[in-house]
Amino acid sequence: MGEINIENLTKKFGDTTAVDNLSLDIADSEFLVLVGPSGCGKSTTLRCLAGLETVTSGDIYIAGDHMNYRVPQNRDIAMVFQDYALYPHMTVRGNIKFGLEEEDGYTKEGREERVEEIAETLGITELLDRKPDELSGGQQQRVALGRAIVRDPEVFLMDEPLSNLDAKLRAEMRTELQQLQHRFDVTTVYVTHNQTEAMTMSDRIAVMNDGELQQVGRPLDLYHAPENRFVGGFIGEPMMNFVTGRNENGTFVGTHLEYPLDGDIREDVSGTSAVTLGVRPEDIDIEAVTNPDESSLGDHEFLMHVSVVEPHGDQNVVHLNFPDDTAEEDLLQALTGGTDIFEQGSTVVASVDPRDVHVFDAESGEALHNRRTATDAEVTNV
Ligand code: ATP
């Protein structure tokens with residue numbers, strides 16, 4: 001069983017702490033995506049799992065066995081990197097067979113059979129006699145995968161394996177990799193800085209920042225219930241809107257807006273004065289108005305100006321400012337349907353339902369309140 005247990009893993013390079021006291025349990029057959037911004041320690045974590053880096057402190061177990069002092073060849077892992085590192089002078093067949101180099105227990109014919117079996121699974125049988133420079137990026141990627149999985153390892157470790165591919169191929173390979181992982185049923189740790197890959201591919205996501213684990217959970221749990229502002233901002237594209245201000249007796253007061261915090265939000269934020277409101281772009285409703293009238297607005301509505309509209313076809317990203325805001329930056333981004341047309345420079349009424357609001361402690365970044373989801377009980381007093 002290929003479960004992985006990482007206990008209090010720390011890895012330092014001189015004065016730099018690349019991984020800081022990371023503890024993470026990954027179940028057998030799970031697809032875990034390790035995600036975070038550049039330099040957060042993802043690759044170092046993966047390299048420690050692989051045995052390519054020694055750990056400064058902490059313990060790593062794979063299938064219950066202590067790994068700290070084992071060389072990579074004795075960890076029963078297979079790695080796929082961003083740079084596929086195929087051998088240019090070998091054919092596809094030779095490259096895949098190379099993955100069996102260290103394996104005992106295969107006859108010459110057995111090795112050939114195994115290579116053909118893997119090539120068939122990956123749909124590259126007709127490429128077996130080609131050299132890597134005669135393959136497209138996606139085909140090279142499949143060969144690299146083939147070389148990794150031919151040994152039937154306990155664990156796959158993948159470091160940005162799709163980042164050299166163009167957007168369309170990347171999307172195709174995402175689906176393919178997921179299907180393969182299910183078929184082979186191998187515990188997989190997949191490193192990426194791309195939150196779309198993390199959301200779409202994983203059973204669970206582990207978000208790292210500055211060497212520290214921020215949160216681990218199922219993709220939608222992270223999306224709807226981030227434990228801190230960093231996770232709220234990192235997961236989701238366009239990112240969550242943040243507005244910082246004060247909690248004044250249950251009303252959020254920012255530079256440009258006042259927003260009553262209703263019912264259970266008020267309870268959750270009581271005792272914290274510096275707070276940040278978080279709202280996802282799809283949770284801001286906007287409606288065009290020709291004769292703006294402040295006095296007719298509801299408690300959770302504001303007049304805003306459309307500064308820029310980015311059409312994406314299926315949806316539009318509408319950048320919004322408050323009318324009296326002279327700052328260069330847009331304050332909010334709203335997501336609308338592709339056929340909802342808003343003119344640059346026009347005025348809109350923006351409304352945010354209190355059920356969709358997140359509130360973070362402005363100093364620690366900790367989530368004080370997360371939005372309601374369909375599975376939550378209905379909010380009362382709203
Ligand atoms: P990226 O997405 O850019 O690859 P990452 O999240 O994978 O980033 P790491 O490569 O794990 O980040 O690096 C974490 C930190 O450790 C960074 O500050 C990096 O500069 C540092 N680091 C990594 N490898 C070494 C090394 N061999 N020597 C010194 N510092 C290193």
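Of all residues assigned to the stretch 225-233, at least one qualifies as being β-branched (Val, Ile, Thr), away from the ligand (no atom under 15 Å from the Cβ), closer than 30 Å to His312 by Cα and part of a helix (DSSP H, G or I). The set of residues in the stretch 98-108 that are of a type outside the set (A, V, I, L, M) and either open to solvent by less than 30 Å² (accessible area, probe 1.4 Å) or at pLDDT 90 or above (or both) contains only Gly99. One residue alone among Val155, Val143, Val150 is in the same structural domain as Met67 (by TED's automatic domain parsing), under 23 Å from the mean Cα position of the chain (by Cα), surrounded by 15 or more Cβ atoms within 10 Å (Cβ to Cβ) and within 29 Å of Met67 (Cβ to Cβ), and that residue is Val155. The condition of being modelled with pLDDT under 85 and under 22 Å from Ala27 (Cβ atoms) holds for Leu180. Look at the stretch 13-35: where a residue is among the aromatic types (Phe, Trp, Tyr) and a partner is more than 16 Å from the ligand (Cβ to nearest atom) and part of a strand (DSSP E or B), sitting 6+ places away or on another chain with Cβ atoms under 6 Å, you get Phe31/Thr188.
Within the stretch 283-292, the set of residues being open to solvent by 70 Å² or more (accessible area, probe 1.4 Å) and of a type in the set (D, E, K, R) comprises Asp285, Glu287.
Annotation for the stretch 291-302: at least one member residue is modelled with pLDDT of 90 or more and within 19 Å of Phe360 (Cα to Cα).
Filtering the stretch 107-137 to residues that are within 32 Å of the chain's Cα centre (by Cα), among the hydroxyl-bearing types (Ser, Thr, Tyr) and in a loop (DSSP other than H, G, I, E, B) leaves only Ser136. Residues that are open to solvent by 10 Å² or more (accessible area, probe 1.4 Å) and part of a strand (DSSP E or B) within the stretch 158-186 comprise just one, Asp159.
For (1) under 29 Å from Glu248 (Cα atoms); (2) open to solvent by less than 40 Å² (accessible area, probe 1.4 Å); (3) of a type in the set (D, E, K, R); (4) modelled with pLDDT under 90, each residue gets a yes or a no:
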residue	(1), (2), (3), (4)
Thr326	yes, no, no, yes
Leu331	yes, no, no, yes
Ala334	yes, yes, no, no
Val349	yes, yes, no, no
Val352	yes, yes, no, no
Asp356	yes, yes, yes, no
Val359	yes, yes, no, no
Asp376	yes, no, yes, yes
Asn381	yes, no, no, yes
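A quick yes/no check of all residues on (1) modelled with pLDDT of 95 or more; (2) among the hydroxyl-bearing types (Ser, Thr, Tyr):
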| position | (1), (2) |
| --- | --- |
| Ala198 | no, no |
| Ser202 | no, yes |
| Asp210 | yes, no |
| Phe230 | yes, no |
| Gly233 | yes, no |
| Pro238 | no, no |
| Glu258 | no, no |
| Ile265 | no, no |
| Ser270 | no, yes |
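Among the conditions (1) closer than 27 Å to Glu212 by Cβ; (2) away from the ligand (no atom under 12 Å from the Cβ), the only one that His89 does not satisfy is (1).
Residues considered: Val253, Val186. Of these, the only one that is in contact (Cβ under 8 Å) with a residue 40 or more places away in the chain and not basic (Lys, Arg) is Val186. Scanning the stretch 36-86 for residues that are without any contact (Cβ under 8 Å) to a residue 24 or more places away in the chain, open to solvent by less than 70 Å² (accessible area, probe 1.4 Å) and farther than 23 Å from Asp185 by Cα gives a single hit, Asn68.
Just one of the numbered conditions (1) outside the structural domain of Val317 (by TED's automatic domain parsing); (2) open to solvent by less than 60 Å² (accessible area, probe 1.4 Å); (3) touching a strand residue (DSSP E or B) at 6+ places or on another chain (Cβ under 6 Å); (4) under 30 Å from Pro323 (Cα atoms) is not true of Gly233: (3).
The values are calculated or read from the model by the stated rules, or taken from the named source; none is laboratory data. Not measured: the values here are computed from a predicted model. So basically every Cβ, Gly included, is an ideal-geometry build from the backbone, and we count neighbours across all protein chains shown. Surface accessibility is based on the protein's heavy atoms, side chains included, excluding ligands, DNA and RNA. Shrake-Rupley method; radii C 1.70, N 1.55, O 1.52, S 1.80 Å.
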